[in-house]
Amino acid sequence: MDDEFACVWRFGLGSWDKGGVLVVEDEPDLLGELIELFDLRGYSVRGVNCAEDALDFMHLGREAIAIICDLNLPGRSGIEFLADIGINPELRASISCFILMTGHMDLEAGARAIVDRYGATVLTKPISARELLPLVESKLGAADTRCHGNANE
């Protein structure tokens, strides 16, 4: 992989017990904003700028992950990353939601088929916290109830 596409990890300080958010975004400012958004609400956040490192993190076995992923990434695209998760039952079971961010209103037919097959949500940039937070929090809350028998506190 070229140095310009080297993957970068960024971490929030929240506890993984509340649920984890994995942000995959190659634009540094947006990556930082999304990490801060969820970190300030007490979530554990991991941020990377490529799908390859995101897959490595997922193989660590984290549960109840909300994934927020850009469509256009260096290396593997957000659609390819979603398909990688979709074909692996263990990875698929570990996520509570997959949100794909794109600057385009319409996805090509092949990409739309993958999104529909694996139940991903597509949001068009720019994305507001008012739109994103309730979506992620409701999915992580539902995953917490399934896994632990109680709602988030």
Qualifying positions in the stretch 126-143 - within 21 Å of N72 (Cα to Cα), surrounded by fewer than 17 Cβ atoms within 10 Å (Cβ to Cβ) and in contact (Cβ under 8 Å) with a residue 40 or more places away in the chain: A129
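Here is a list: L91, L55. Which entry is buried (at least 16 other Cβ atoms within 10 Å of the Cβ), farther than 21 Å from E137 by Cα, at pLDDT below 95 and of a type in the set (A, V, I, L, M)? Give the steps one after another, and end with the answer.
Working: L91 fails: farther than 21 Å from E137 by Cα.
Unique residue meeting the criteria: L55.
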Note on L82: of the conditions (1) touching a residue at least 60 places away in the same chain (Cβ under 8 Å); (2) within 11 Å of the chain's Cα centre (by Cα), unmet is (1)
From D26, D116, residue being farther than 20 Å from G141 by Cα and in a helix (DSSP H, G or I): D116
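Over 15 Å from V24 (Cα atoms), in contact with a Gly (Cβ under 9 Å, 6 or more places away or on another chain) and among the hydrophobic types (A, V, I, L, M, F, W, C): is that true of I65 in this structure? Before the answer, list the steps.
Values: over 15 Å from V24 (Cα atoms): no; in contact with a Gly (Cβ under 9 Å, 6 or more places away or on another chain): yes; among the hydrophobic types (A, V, I, L, M, F, W, C): yes.
The answer is no for I65.
Out of all the residues in the stretch 85-102, which are out of contact with any strand residue (DSSP E or B) (no Cβ under 7 Å at 6 or more places or on another chain) and either in a loop (DSSP other than H, G, I, E, B) or touching a residue at least 40 places away in the same chain (Cβ under 8 Å) (or both)?
Taking the stretch 85-102 and keeping what is out of contact with any strand residue (DSSP E or B) (no Cβ under 7 Å at 6 or more places or on another chain), we get 86-93.
If the condition is that a residue be out of contact with any strand residue (DSSP E or B) (no Cβ under 7 Å at 6 or more places or on another chain) and either in a loop (DSSP other than H, G, I, E, B) or touching a residue at least 40 places away in the same chain (Cβ under 8 Å) (or both), then I87, N88 are the ones that fit.
The values are calculated or read from the model by the stated rules, or taken from the named source; none is laboratory data. Model, not experiment: these values are computed from the prediction. Positions of Cβ are generated from backbone atoms using ideal geometry, with glycine treated the same way; all protein chains shown enter the neighbour counts.
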